[in-house]
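Participant: A single structure is presented below for examination.
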Amino acid sequence: AARHLVTKIKDYDSKDGAKLYESVIDNLNDICELAGDFNLSDDPIIARISKELKQVASGYSIETLRSNKPLRSEVVQRTSQILGVLNYKKS
């Protein structure tokens, strides 16, 4: 869901007519909510990543992201940094 957010923001910035939907943020938020239940080994890295991604997911409305290109860049950078902890930088 985090990688999908990064991809959708990049698409929105680079393609005419690309859409940025509320569901992108909602899906990331939902997964962050469930992460604690799925972190069966109480891995502190997963717990930290979930908390940090939750801040991204709940920190901005989709309308704000649509209208603020510098903020979109910041969200892409921050989300990519968080994913980098997992060595998962592909997007």
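The values are calculated or read from the model by the stated rules, or taken from the named source; none is laboratory data. Bear in mind the structure is a predicted one, so any value in this text is a computation, not a measurement. Using ideal geometry, Cβ is built from the backbone for each residue, glycine included, and neighbour counts are taken over all protein chains shown. For the accessible areas, the whole protein counts, side chains as well, though only heavy atoms, and no ligand, DNA or RNA atoms are used. Shrake-Rupley method; radii C 1.70, N 1.55, O 1.52, S 1.80 Å.
Participant: Any aspartates and glutamates with Cα under 16 Å of the Lys19 Cα? List them, leaving off those in the same chain fewer than 8 positions away.
Facilitator: Within the straight-line cut-off, Lys19 pairs with Asp11, Glu63.
Participant: How large is Rg/Rh for the chain, to two decimals, with Cα atoms and a Kirkwood Rh?
Facilitator: 0.98
Participant: With a cut-off of 8 Å between alpha carbons and a minimum separation of six or more residues, what is the relative contact order of the chain in percent?
Facilitator: 38
Participant: Another question, if that's okay. For the chain, what does the accessible surface come to per residue with a 1.4 Å probe? Please give it in Å².
Facilitator: I get 64 Å² per residue for the chain.
Participant: Round to a whole number: what % of the accessible area of the chain belongs to carbon and sulfur, probe 1.4 Å?
Facilitator: 51
Participant: Size of the dipole of the chain about the Cα centre, Lys and Arg at +1 and Asp and Glu at -1 on the beta carbon, nothing else charged, in debye to 20?
Facilitator: 460
Participant: So what is the 222 nm mean residue ellipticity for the chain from helices alone, if each DSSP H run of at least 4 adds -39500 (n - 2.57) and you divide by all residues, rounding to the nearest 500 deg cm²/dmol?
Facilitator: Value at 222 nm, helices only: -24000 deg cm²/dmol.
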